[in-house]
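This report concerns only the one structure given below.
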Amino acid sequence: MRQTPQNDQHDSRGGNFQSTPMRILDLLAGSVLLIFFLPIMVLVLATTMICNGGGAFRKVSKTFENGRSVTVLNYQCENSTRAMTRYNRFLMKTGLVALPEFINVMTGELSLFKPNVARPSIFSF
């Protein structure tokens, strides 16, 4: 029986299997950070719903160098008229908009300790 290299194995979502120690580290650190940021996340959630008049989340698709695509949750940063308020600019500038991505870390789609770099070709003009 032929053994396949670690980077050739894929799970049902299309991502690579993570090594067990790396996954355990992601789960431990992700749990601690999620508990630490949970009050902030709830506050941002409530404020976003009030300021934007409704939905607080949006789904964003990220494509990485290896072609793998992941859909992550972010806080909604524009209101129903697509206007950027001072509050929304604050969320973007501080990076609070990305706090719900901890959910993707806990499900194994993203990692805290491996680079999750998007393809530069996406941003070339």
- line: Under 5 Å from the placed amide H of residue 57, counting only residues 5+ away or on other chains, we find 76
- prompt: Which whole-Hz couplings ³J(HN,Hα) result when phi for each residue of region 57-62 is put into the Karplus expression 6.51 cos²θ - 1.76 cosθ + 1.60, θ = phi - 60°, listed in order with x for Gly and Pro?
  reply: 10, 9, 9, 10, 9, 10
query: At residue 90 and residue 114, where each label point lies 7 Å from the Cα along Cα→Cβ, what is the point-to-point distance in nanometres?
result: 3.7 nm
message: Give me a comma-separated list of calculated 3J(HN,Hα) values for region 36-45, in order, Karplus coefficients 6.51, -1.76, 1.60 applied at θ = phi - 60°, integers in Hz, x for any Gly or Pro.
response: 5, 8, 4, x, 5, 4, 5, 4, 5, 4
- prompt: Using modelled amide H (1.01 Å from N, peptide plane; none on Pro or chain starts), what sits under 5 Å from the amide H of residue 110, excluding residues fewer than 5 places away?
  reply: 105
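Just so you know, all these numbers are worked out from the coordinates, no wet-lab data involved. What you see is a predicted model, and the numbers here were worked out from it, not measured in a lab. With ideal geometry, Cβ positions are generated from the backbone for all residues, glycine too; neighbour counts draw on all protein chains shown.
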